[in-house]
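Participant: Dumping the structure here so I can ask a few things about it.
The values are calculated or read from the model by the stated rules, or taken from the named source; none is laboratory data. Keep in mind that this is a model prediction, so the values were computed, not measured. Don't worry about glycine lacking a Cβ; one is built from the backbone with ideal geometry, like all the others, and counts go over all protein chains shown.
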Amino acid sequence: MTPRAASLFLSPLLALAVVSCGVQPSGVIGAGEPPTGLTKGLRLYYVSGAGNLEGVSRPDLEITELGAALKLLVAGPTEQEQERGLTTLVSGISYQVTGEATRVTLRSPGSAFSGTRRDDLVNGQLVCTLARAQSILHPRIHPDDVEVTLIGDGEPVGPYRCSQFLGGPWAGSVRMLK
């Protein structure tokens, strides 16, 4: 059999096999834009029952200043998030927060920031939440480029980047949740 004759013989068989598989032709089905990069909108960082930081999206909330993100963080996780074991270690603090480009400074009279395991989680909550908030307020700034300095009654700590809290004694424990 010549190649042309084989082609003429096999083409109808191939067409029959495709049609008989049950797949019906359809038009183009739109699915919207593909997801790219980081989630959009605000992200707050809470602590799980296992002692890990977890980023929680708040895509529908708009902020106009850094202090608004801290108010949401201090208010704590939603009831559903609490049921999943999330909590905040940041509570009852007074603060003034300022940001300029990739630099953010949090001043909190009456607070003491240090490097203990518990304070690492508090620091991580503050740094990561503020870094994300600064990038929301200034869309050309990436959250990983933001450096946050924490000033309490003791020596200032930082500047920190959120990524520094990903490699502590709990390496890899910061999870992103939608």
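Participant: Here is a list of conditions, (1) surrounded by 15 or more Cβ atoms within 10 Å (Cβ to Cβ); (2) outside any loop (DSSP other than H, G, I, E, B), and Lys71 meets all of them except one; can you say which number that is?
Facilitator: (1)
Participant: Among the listed residues Gly41, Gly110, Gly115, Gly67, identify the single one that is more than 20 Å from Gly158 (Cα to Cα) and either of a type in the set (D, E, K, R) or modelled with pLDDT under 95 (or both).
Facilitator: Step by step, each of Gly41, Gly110, Gly115, Gly67 is checked, and only Gly41 is more than 20 Å from Gly158 (Cα to Cα) and either of a type in the set (D, E, K, R) or modelled with pLDDT under 95 (or both).
Participant: Kindly indicate whether any position in the stretch 126-136 is surrounded by fewer than 19 Cβ atoms within 10 Å (Cβ to Cβ) and on the phi < 0 side of the Ramachandran plot.
Facilitator: no
Participant: Taking the stretch 47-70, which residues are over 19 Å from His138 (Cβ atoms) and among the charged types (D, E, K, R)?
Facilitator: Once the filter is applied, which keeps residues that are over 19 Å from His138 (Cβ atoms) and among the charged types (D, E, K, R), the stretch 47-70 yields Glu54, Asp60.
Participant: Any residue in the stretch 101-123 that is over 28 Å from Pro139 (Cβ atoms) and surrounded by 13 or more Cβ atoms within 10 Å (Cβ to Cβ) sitting within a Cβ distance under 8 Å of a residue that is at pLDDT below 85 and of a type in the set (Phe, Trp, Tyr)? List the pairs, counting only those 6 or more apart or interchain.
Facilitator: Asp119/Phe113; Asp120/Phe165
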